[in-house]
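All remarks here apply to the structure that follows.
Laboratory data are not the source of any read-out in this text; all were calculated from the coordinates shown. As the structure is a computational prediction, the values presented were derived from the model and not from experiment. A quick note on method: Cβ atoms are made from the backbone with ideal geometry, for glycine too, and the neighbour counts reach across all protein chains shown.
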Amino acid sequence: MTPPPPTRRPATTPGGQASPGSVPGPPSGGPEAPDHPSLRGRGGGRAGDRVFLGLSRGAGILLLIVIAAIAGFLLYRGINAIKVDQGNFLTTAGWDPNGLKPVFGVAALVVGTVLSSIVAMVIAVPVGVGVALFISHYAPRRLAQLLGWVVDLLAAVPSVVYGLWGTLFLVPKMMGIHTWLGSYLGWVPVFNQSQPGAYPRTLFTAGVVLAIMVLPIITAMSREVFLQTPRAHEEAALALGATRWEMIRTAVLPFGRPGVISGSMLALGRALGETMAVAMVISQGFNVTLHLLDPGTSTTIAANIANGFGEASRPVGVDALIASGLVLFVITLIVNGIARWIVARRKEFAGSAA
Amino acid sequence: MSAAELTQDDFPREAAVPVRRLTQRRLPRWAPWLFLVVAAAVGSGIGAAAGLKSHLQWGLIAAAVFVVGQWAVSASVEGRRRATDRLALSLVGASFLLALVPLVAVLAYTISKGAGKLNGYFLTHSMNGVSALDNTGGVYHALIGTLEQVGIATLISVPVALLTAVYLVEYGRGKLAKAITFFVDVMTGIPSIVAGLFILSFWLLTLGFNYSGFAGALALAILMMPVVVRSTEDMLRLVPDELREASLALGVPRWRTILKVVLPTALSGITTGVMLAIARVAGETAPVLLLVFGNDRINNDPFSGPQSSLPLFVFEEYGKGNTFSTERAWAGALLLIIIVMLMNVAARVLARLKAPKNSR
């Protein structure tokens, strides 16, 4: 049995290239379209071709314009708000843009956004990878296929449903774990409860809901890469006497790491920008605090936009929300950039090692 | 498997009885089940003795007893490596169960809460004039809104996305294609609320239009485009080059080759991608909240005046906070799940039926 070449995503490699897969081809990041140098000169001359090329290139350029416009308009409206802001937009913790003297800043919002996403990641990544391993390497094949389907379907459940379920079903059930964490782990700053027994509409609960929401994303992407582990690597590990777990640790996990990381980053991006579920679960406040278990102390950028939009004054209140949206945009850009960078780096490494 | 055990290093002990003990000592196959039963018994025993009300806690204690107990026994009988293997198995299994519980709970709870209300009356009436005390009202206006907004978003985004994908796969080289690929990735990561804020600042605040279904559709289109570009790109790359070459060799111009050969070959895959994208944006609430604003009445015109939409309906009914409105919110949520799931299942069945060359 010859080892199949470790192409990352066989589905995307161009179908019938001259050398099918024997060489570890160029990293499939760029658009490696099949090249027909001899056919291009002639084709370019026809009117139909020129029109079609123009149309498709125009569509691509339109996409670039949309992106530029998103950044441009958010910046334009955001700057309008920041100009009249009486506080420092980046370091102020309050959010009061609707009065005569608007004072607002994103400090508390950014901290809340990051904290809730960290909670979600801490819960969802290990569990998600565990589920992916279960589906790819432990469950019987028939069952695994079915489970894969179910996970994919669950990724499609709309966020407003998670929000509704979170606030009406989960929040009351989180009471116990809040009390438990507060009384036994209260000496850890993040679990310190200043109002024990308060109704748990907290960042922690929001983080749990986010974890449930992003779990299918992590699982789906991790499962995809785990299933692509070269069979020869797995069999080699087993033939050397490895137990199943040792095989997974030495063959599957190293191979799948870039996929796990990019899946987690994708999930993190989703968690950072998730609006409705957090808006429905959390009880809002605008303090810079690490206390996950205190309700009414913090919120996230996206949830604040959804909750505050109805009462926002025109134009300053709305512009202030837009300015905070710009901050969220920048944060998600950074996260996605890091994810892409990690994956690109790992991909080069994997390519040279193979 | 048993060949592997020869490498175990406990031969010295076996030297006295060389024939009987060639392999390492193993726990019997039924051992995990025994541990499971014992752990369940211990868990419920401790739970009952300590008077813990929550059965979740009983389960957690049982799980902990199972994991630790199995590891200890296995480590003493089989050695550390086997014990770690069993530990990994139980942790992976536990994480699977842990994940399954909330995900199943979401579905089960929504169905149990929403099924009673979801009937013909609910589907065919709007919320016009329904007060807090009325156990009437329905979702018709929101369904109309969702259909129109998602329909317009599809009409806007799919042609642009298809053409972009065609450009990237069939023509794209050089800096422009690289830039488009990169920014499509960037667009995939844009939170839906940011897309909503963009249309808000551009369409409503700068151009001065009013709340309308169309404004929401614009934001949904922005969310759909990168998803459709990505999936279409993947599908177009799956089309074998031989087909293109054969068509071009017959003297067919490149654009006709793309329209008549490449796109039809990839059509089912493209359709699947589009349907998944539709299912995704149909559940978006945040942009609709900012741009369509919500409306209790039936507004069939997506170009003027506030509309409603299904996810927004769920959010608003939840926000009203009385018994009947909460029931309506659950019914709306159930309807939303059903629609999204149906689209997903249909898309995946289509993909499976018409998978190109059945490579998977």
Original post:
Is there a simple number for the mean count of other chain Cβ atoms within 10 Å of the Cβ of residues in A:123-131, and what is it?
Top reply: 4
Original post:
Got the relative contact order for the stretch B:201-336 handy, in percent, Cα pairs under 8 Å and 6 or more residues apart?
Top reply: 30
Subject >> Inter-part distance where the stretch A:141-189 and the stretch B:182-210 are each reduced to a Cα centre, Å >> reply: 30
**OP:** Just tell me, in residue order, which DSSP H segments of chain B are both 15 angstrom or longer along the helix axis (alpha-carbon based) and at least 1.6 in mean Kyte-Doolittle hydropathy.
**Re:** B:31-50
**OP:** Please report, in Å, the Rg and the Dmax of the stretch B:211-335, where both are computed over Cα atoms only.
**Re:** 20.8, 69
Original post:
Among the lysines, which fall within straight-line cross-link reach of B:Lys178, defined as a Cα-Cα distance under 19 Å, with same-chain neighbours fewer than 8 residues apart omitted?
Top reply: A:Lys347
**OP:** Treat each spin label as a single point 7 Å out from the Cα along the C-beta direction, and report the B:Leu36 to A:Leu100 distance in nm.
**Re:** 7.1
**OP:** Using a Förster distance of 22 angstrom, determine the FRET efficiency expected from the C-beta separation of B:Asn322 and B:Leu147, and round it to 0.05.
**Re:** 0.20
Original post:
Roughly what % of Cα-Cα distances in the stretch A:106-180 sit above 15 Å, to the whole percent?
Top reply: 74
**OP:** In debye, nearest 20, what is the charge dipole magnitude of the protein assembly as shown about its Cα centre with +1 on Lys and Arg Cβ and -1 on Asp and Glu Cβ, if you could check?
**Re:** 1620
**OP:** With a 10 Å radius around each residue's Cβ, average the other Cβ atoms per peptide and rank B:49-58, B:87-96, highest first.
**Re:** B:87-96, B:49-58
Subject >> Cα-only Debye scattering, the stretch A:109-302: base-10 log of I(q)/I(0) at q = 0.14, 0.16, 0.17 Å⁻¹ >> reply: -0.81, -0.95, -1.02
Subject >> Value of D in µm² per second that Stokes-Einstein yields for the stretch A:263-354, Kirkwood Rh from Cα pairs, at 20 °C (1.002 mPa s) >> reply: 140
Subject >> Whether the protein assembly as shown is rounded, prolate or oblate, judged on the alpha carbon gyration tensor where a/c under 1.5 counts as rounded >> reply: oblate
Original post:
Placing +1 at every Lys and Arg Cβ and -1 at every Asp and Glu Cβ, with all other atoms neutral, what dipole size does the stretch B:140-354 have around its Cα centre, in debye to the nearest 20?
Top reply: 580
**OP:** Could you sort A:299-309, B:266-276, B:337-347, A:175-185 so that the peptide with the highest average Cβ count within 10 Å comes first and the rest follow in order?
**Re:** A:299-309, B:266-276, B:337-347, A:175-185
Original post:
Mind checking the log10 I(q)/I(0) for chain B at q = 0.09, 0.10 Å⁻¹? Debye, one equal scatterer per Cα, no solvent, two decimals.
Top reply: -0.78, -0.87
Original post:
Mind checking the mean number of beta-carbon atoms from other chains within 10 Å of the Cβ atoms in A:108-119?
Top reply: 0
Original post:
Which value in nm describes the separation of the simple spin-label points at A:Phe169 and A:Thr250, placed 7 Å from the Cα toward the beta carbon?
Top reply: 4.3
Subject >> Sequence-distant residues sharing a close amide H with B:Gln307 (under 5 Å, placed H) >> reply: B:Gly213, B:Gly294
**OP:** Would you compute, from DSSP H runs of 4+ residues alone, the mean residue ellipticity of the protein assembly as shown at 222 nm, taking -39500 (n - 2.57) per run and dividing by the full residue count, rounded to the nearest 500?
**Re:** -21000 deg cm²/dmol
Original post:
Structure shown: which of B:Lys260/B:Lys354; B:Lys117/B:Lys320; B:Lys113/B:Lys320; A:Lys173/B:Lys53; A:Lys101/B:Lys320 lie over 21 Å apart, alpha-carbon to alpha-carbon?
Top reply: A:Lys101/B:Lys320
**OP:** Please work out how much length the chain gains when fully extended from B:Leu98 to B:Leu243, using 0.36 nm per residue of separation minus the C-alpha to C-alpha distance, in nm with one decimal.
**Re:** 47.4 nm
Original post:
Which whole number of Å³ per residue matches the convex hull of the alpha-carbon atoms in the stretch A:268-322?
Top reply: 90
**OP:** Mind running the shape call on the stretch B:115-184? Use the C-alpha gyration tensor, a ≥ b ≥ c as the square roots of the eigenvalues: rounded below 1.5 for a/c, prolate if a/b tops b/c, oblate otherwise.
**Re:** prolate
Subject >> Using a Förster distance of 56 Å, the FRET efficiency for A:Ala239-B:Asn119 (Cβ separation, nearest 0.05) >> reply: 0.40
Subject >> Mean projection area, nm², convex hull over Cα of the stretch B:31-113 >> reply: 6.2
Original post:
How crowded by other chains is B:280-286, given as the mean number of beta carbons from other chains within 10 Å of each beta carbon?
Top reply: 6
Original post:
What is the P(r) of the stretch B:140-354, as percent of Cα-Cα pairs per 5 Å bin from 0?
Top reply: 1, 8, 13, 16, 16, 14, 11, 8, 5, 4, 2, 1, 0, 0
Original post:
Rounded, prolate or oblate: which fits the stretch B:79-167 when a ≥ b ≥ c are the square roots of the eigenvalues of the alpha-carbon gyration tensor, with rounded for a/c under 1.5 and prolate only if a/b beats b/c?
Top reply: oblate
**OP:** Evaluate the charge dipole of the stretch B:31-113 about its Cα centre and quote only its size in Debye, nearest 20, assuming +1 on the Cβ of each Lys and Arg and -1 on the Cβ of each Asp and Glu.
**Re:** 80
